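Colleague: Before I ask anything, here is the structure I am working with.
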Amino acid sequence: MLIFSRKIYVYQVVILSMIFLLSSCNSEVTITEKKGEVDDPIEAKIDSIVSKMSLEEKIGQTAQRGKSSRVKELPKDLKDAVRKGQIGSFLNIMNKEDAKELQRIAVEESPSKIPLIFARDVIHGFKTIFPVPLGQAASFNPTLVQEGSRIAAIEASTYGIRWTFAPMLDISRDPRWGRIAESAGEDPYLTSEMAKAYINGFQGEDLSSPTSMAACAKHFIGYGAAEGGRDYNTANINDNLLHNVYLKPFKSAVDAGSSTFMTSFNDLNGIPASANSYVLKDILREQWGFDGFVVSDWNSIKEMVNHGFAKDQKEAAEKAINAMLDMEMTSTAYQDHLKELIQEGKFSEKELDVIVKNILRIKFRLGLFDNPYFDPNDTVLYAKNHLESAQKAAEESTVLLKNSNQVLPINSKQKIAIIGPLADAPHEQLGTWTFDGEKEHTITPLNAFENDNQYTIAYTNGLSYSRDRSTKNFQKAVSIAKSSDVILFFAGEEAILSGEAHSRAKINLPGEQEALIDELHKTGKPIVLILMAGRPITLENVKDKVDAILMAWHPGTMGGPALKNMITGVVSPSGKLPVTWPKEVGQIPIHYNHKNTGRPVIPEEFVQMDSIPIGAWQSSLGNTSHYLDAGFLPEYPFGYGLSYSLFTYSDISISNNTPKIGDTITVKVTVTNEGNSTAKETVQLYFRDMVGSITRPVKELLRFQKITLGAGESKEVSFTFVTDDLAFYGPDKTWITEPGDFKLWIAKNASDESNVLEFTIE
Ligand code: NOJ
């Protein structure tokens, strides 16, 4: 397999094939024991500790527990459990004294003195909140994303948090799914680049530094393919799609050294992910050589009973442990049943040793054995450079979707009406998964304009929150609008409308926001619609009533100043969509990297429903893959985003039109900023493998580069790739680059076909 480079490890593969006479499933058990790198002194230490541990302590290492935030004191039974070595990890312990005390008990009083590891969902910032991950992906700037996750680790580690449940790498093709906000969107390559950036940032250069956090690639796997976008739902993903799309970012996570993985809630092709040996053992451990540990999602082992995959928690534990799922989050199937399962011969203590070693390996790499405590000094929280970085991330994440008559940027002579439920909603602009972000530290767009006395503004929200159905304040909004030159309308979704368990069947602006836009439109004043949301929002009812649209996602702590800079032209928007933006919900799933089908769309032959004659003879009309009513185009394609500048591409070239397998190919383009101010452009390189032994997508993102160009400046951008980068997982279950014809597009977005190159692999 050539496409993925592998780290050089020495694996000691211990294959234990045991036919258990007593086993209810009569299963054959195969385990792989990974022994780390050559001469790694950690391995000898781990072996020595494990050899002295009792069975109870070993089971204890697999347990992750939390403490209810409603309980003030540390419960005695929790402390006793740590004292007995019955707990390996905690999540959500947010009292520093509690964390310190639990750690003290673990390293001073428990039998083997193994440190605890404290975990938390630090997803897009700890105190200083960055844009939601979907927004960060829109920046197409991995360097910035890495900087943001480094800052998150620096801040979170002051609370003893050395393990974050991030990044979420689920490919998301369905904006109804609330967790799309936590993803990097629909593309495997972009998500893989984001995976590396997050992991490098969280883990830092040295995992043992007290400011580093172990990363957790989640959710393994298929969570984003939930049926109908309903959270937790079934995922049916064939092998082709699984390998060529869904697994790719997770492989990057292993290559980037992600310390841990988390299983997903869903069943994958009928087998719940938390007991899926094919993905957990065959792929993650055997093929990819992952040597960290895997944690279940919250109760996901126990939930296999609900899935109808295990008759009770004991059977659920048996199935999960035999798939080598190392740690159980919150539920207690392992704690309650592992001992019994081992006594009954359904799992062996030797196999359990492998699991415990996986967990200890990460605790060693984090330096917890040498330095189990943390520096509680939180002067770094909201540090100046953290806020600056969060602002930059918010600026680069914002996508300009429409700008008719160059209504943007506005100037300081214009009287501005600031209206809308998200104009001054400090909690909402932080987005999903921000338990630690504080609205008191958030700067809203209204604050940002108020703090700058060059601008004349008038404000009313019109609607007090995004779902508000009361029109009682419309009149005031209209009157403010009438006496201004331009309307900035801040609309979208509250933070709680995306994220876990927050799927929506309709993804338009909720509440009466569309009605308020109607009223404002009647004033005849130009409207700039600024969206804050965790997903693309269908705009059918409003897009023609507004002059400009900026998508800010949920931009985080510094969203206000970032948006003000964008709106006033201090910064030119440079975000690009990491996900195809549908016109209507009925088009979902819609993604740029679809297959061509036997009857691809022929735009000229498309017949819109209203043009079909009444009583028309039965026919298959345009005979192509489209909707009679919604057509075949999205609202905006993947990779799309406007700028205040105009960029032109010229002098495109390819180093070799007839490469051989293994060759390197370089593609070049000259990009010119034709505008009169500095701006950023993301140049995108797509390819198509024209004929394959399995059908290939019409386009796949191969590379991208974000560059900054001064007014009138030109730069040569060059992309280099090898033929292995074009490989796919084929019918014989191996990665292959097949000789034949390829097309390349150097493009501004996935629909831009102006610059095409061709080559043939011989
Ligand atoms: C459930 C979520 O699915 C997962 O992503 C998260 O990390 C855990 N809960 C812990 O909060």
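Colleague: Considering segment 215-232 alone, what residues qualify as being of a type in the set (Asp, Glu) and either in contact with a strand residue (DSSP E or B) (Cβ under 7 Å, 6 or more places away or on another chain) or open to solvent by 30 Å² or more (accessible area, probe 1.4 Å) (or both)?
Modeller: Narrowing segment 215-232 to residues of a type in the set (Asp, Glu): 227, 231.
Within segment 215-232, just Glu227 meets the criteria.
Colleague: Turning to a different aspect of this structure: Restricting to segment 62-100, and then to whatever is outside any loop (DSSP other than H, G, I, E, B) and open to solvent by less than 10 Å² (accessible area, probe 1.4 Å), can you tell me which residue is nearest to the ligand (Cβ to nearest atom)?
Modeller: From segment 62-100, those outside any loop (DSSP other than H, G, I, E, B) are 63-66, 76-83, 89-91, 96-100; that's our starting set.
Keeping just the survivors that are open to solvent by less than 10 Å² (accessible area, probe 1.4 Å) gives 63-64, 82, 89-91, 99.
Numbers: Ala63: 15, Gln64: 9, Val82: 20, Ser89: 12, Phe90: 12, Leu91: 6, Ala99: 17 Å.
Only one residue fits best here, namely Leu91.
Colleague: Would you be able to say whether some residue in segment 303-317 is within 16 Å of the ligand (Cβ to nearest atom), out of contact with any strand residue (DSSP E or B) (no Cβ under 7 Å at 6 or more places or on another chain) and open to solvent by less than 10 Å² (accessible area, probe 1.4 Å)?
Modeller: Going through segment 303-317, the residues within 16 Å of the ligand (Cβ to nearest atom) turn out to be 303-304, 306-307.
Right, trim to out of contact with any strand residue (DSSP E or B) (no Cβ under 7 Å at 6 or more places or on another chain) and you get 303, 306.
Applying the additional criterion that residues be open to solvent by less than 10 Å² (accessible area, probe 1.4 Å) yields none.
There is no residue in segment 303-317 that is within 16 Å of the ligand (Cβ to nearest atom), out of contact with any strand residue (DSSP E or B) (no Cβ under 7 Å at 6 or more places or on another chain) and open to solvent by less than 10 Å² (accessible area, probe 1.4 Å).
For (1) of a type in the set (A, V, I, L, M); (2) at pLDDT 95 or above; (3) not assigned by TED's automatic domain parsing to the domain that holds Ile443, each residue gets a yes or a no:
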| site | (1), (2), (3) |
| --- | --- |
| Thr538 | no, yes, no |
| Asp544 | no, yes, no |
| Asp547 | no, yes, no |
| Trp553 | no, yes, no |
| Met558 | yes, yes, no |
| Ala562 | yes, yes, no |
| Val579 | yes, yes, yes |
| Pro582 | no, yes, yes |
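Colleague: Could you list, in sequence order, the residues of segment 631-662 that are part of a loop (DSSP other than H, G, I, E, B) and either at pLDDT below 95 or surrounded by fewer than 18 Cβ atoms within 10 Å (Cβ to Cβ) (or both)? Before the answer, list the steps.
Modeller: The initial filter retains those residues of segment 631-662 that are part of a loop (DSSP other than H, G, I, E, B), namely 632-635, 637-641, 643-646, 655-662.
Result: Phe632, Leu633, Leu646, Ser655, Asn656, Asn657, Thr658, Lys660, Ile661, Gly662.
Colleague: For residues that are within 16 Å of Ala515 (Cα to Cα) and surrounded by 20 or more Cβ atoms within 10 Å (Cβ to Cβ), tally how many sit in segment 479-496.
Modeller: Of all residues in segment 479-496, those within 16 Å of Ala515 (Cα to Cα) come to 479, 481, 487-493.
This time we only want the ones that are surrounded by 20 or more Cβ atoms within 10 Å (Cβ to Cβ), so: 481, 487-493.
So the count comes out to 8.
Colleague: Another question about this same structure. Go through (1) of a type outside the set (S, T, N, Q); (2) without any contact (Cβ under 8 Å) to a residue 60 or more places away in the chain; (3) in a strand (DSSP E or B); (4) surrounded by 16 or more Cβ atoms within 10 Å (Cβ to Cβ) for Glu738 and report which single condition fails.
Modeller: Here Glu738 meets the rest and fails (3).
Colleague: Now for a separate question. Check segment 103-119 and report whether any residue there is closer than 28 Å to Met551 by Cα, assigned to a helix (DSSP H, G or I) and either open to solvent by 10 Å² or more (accessible area, probe 1.4 Å) or within 16 Å of the ligand (Cβ to nearest atom) (or both).
Modeller: First, pick out the residues of segment 103-119 that are closer than 28 Å to Met551 by Cα: none.
No: segment 103-119 contains no residue that is closer than 28 Å to Met551 by Cα, assigned to a helix (DSSP H, G or I) and either open to solvent by 10 Å² or more (accessible area, probe 1.4 Å) or within 16 Å of the ligand (Cβ to nearest atom) (or both).
Colleague: To continue, here is another question. When segment 238-275 is examined, which residues are found to be touching a Gly at 6+ places or on another chain (Cβ under 9 Å), within 16 Å of the ligand (Cβ to nearest atom) and more than 30 Å from Gly204 (Cα to Cα)?
Modeller: Asn266, Asp267, Leu268, listed by residue number.
Colleague: Let me ask something else. What residue, among those in segment 189-214 that are within 23 Å of Ser498 (Cα to Cα) and crowded, with 24+ Cβ neighbours inside 10 Å, is farthest from the ligand (Cβ to nearest atom)? Write out each step before concluding.
Modeller: Initially, segment 189-214 is screened for residues within 23 Å of Ser498 (Cα to Cα), giving 190-192, 194-195, 198.
Filter again for crowded, with 24+ Cβ neighbours inside 10 Å, leaving 190-191, 194-195, 198.
On the way: Leu190: 20, Thr191: 16, Met194: 16, Ala195: 15, Tyr198: 14 Å.
Checking each candidate, the answer is Leu190.
Colleague: Still on this model: Restricting attention to segment 595-610, which residues are outside any loop (DSSP other than H, G, I, E, B) and open to solvent by less than 80 Å² (accessible area, probe 1.4 Å)? Outline the logic, then answer.
Modeller: Taking segment 595-610 first, the residues outside any loop (DSSP other than H, G, I, E, B) are 595, 603-605, 609-610.
The answer is Lys595, Pro603.
Colleague: Between Leu280, Leu284, which is closer than 25 Å to Glu700 by Cα, touching a residue at least 12 places away in the same chain (Cβ under 8 Å) and part of a helix (DSSP H, G or I)? Let's see the steps before the verdict.
Modeller: Numbers: Leu280 fails: closer than 25 Å to Glu700 by Cα.
Every option except Leu284 fails the conditions.
Colleague: Out of everything in segment 156-172 that is touching a helix residue (DSSP H, G or I) at 6+ places or on another chain (Cβ under 7 Å) and either in a helix (DSSP H, G or I) or open to solvent by 10 Å² or more (accessible area, probe 1.4 Å) (or both), what residue ends up being nearest to the ligand (Cβ to nearest atom)? Reasoning before the result, please.
Modeller: Going through segment 156-172, the residues touching a helix residue (DSSP H, G or I) at 6+ places or on another chain (Cβ under 7 Å) turn out to be 159-160, 164, 166-172.
If we keep only those that are either in a helix (DSSP H, G or I) or open to solvent by 10 Å² or more (accessible area, probe 1.4 Å) (or both) as well, we get 159, 168.
On the way: Tyr159: 15, Met168: 7 Å.
Only one residue fits best here, namely Met168.
Colleague: Looking for something among the hydroxyl-bearing types (Ser, Thr, Tyr), more than 16 Å from the ligand (Cβ to nearest atom) and surrounded by 20 or more Cβ atoms within 10 Å (Cβ to Cβ) - is there at least one such residue anywhere in segment 345-366?
Modeller: Taking segment 345-366 and keeping what is among the hydroxyl-bearing types (Ser, Thr, Tyr), we get 348.
Among the residues that remain, those that are also more than 16 Å from the ligand (Cβ to nearest atom) are: 348.
Narrowing the set further to residues that are surrounded by 20 or more Cβ atoms within 10 Å (Cβ to Cβ) leaves none.
The answer is no, given that none of the residues of segment 345-366 is among the hydroxyl-bearing types (Ser, Thr, Tyr), more than 16 Å from the ligand (Cβ to nearest atom) and surrounded by 20 or more Cβ atoms within 10 Å (Cβ to Cβ).
The values are calculated or read from the model by the stated rules, or taken from the named source; none is laboratory data. Fair warning: this is a prediction, and the values are worked out from it, not measured in the lab. Heads up, the Cβs are rebuilt from the backbone with ideal geometry, glycines too, and the neighbour counts pull from every protein chain shown. In case anyone asks, the SASA skips ligands and DNA or RNA and just uses the protein heavy atoms, side chains included. Shrake-Rupley method; radii C 1.70, N 1.55, O 1.52, S 1.80 Å.
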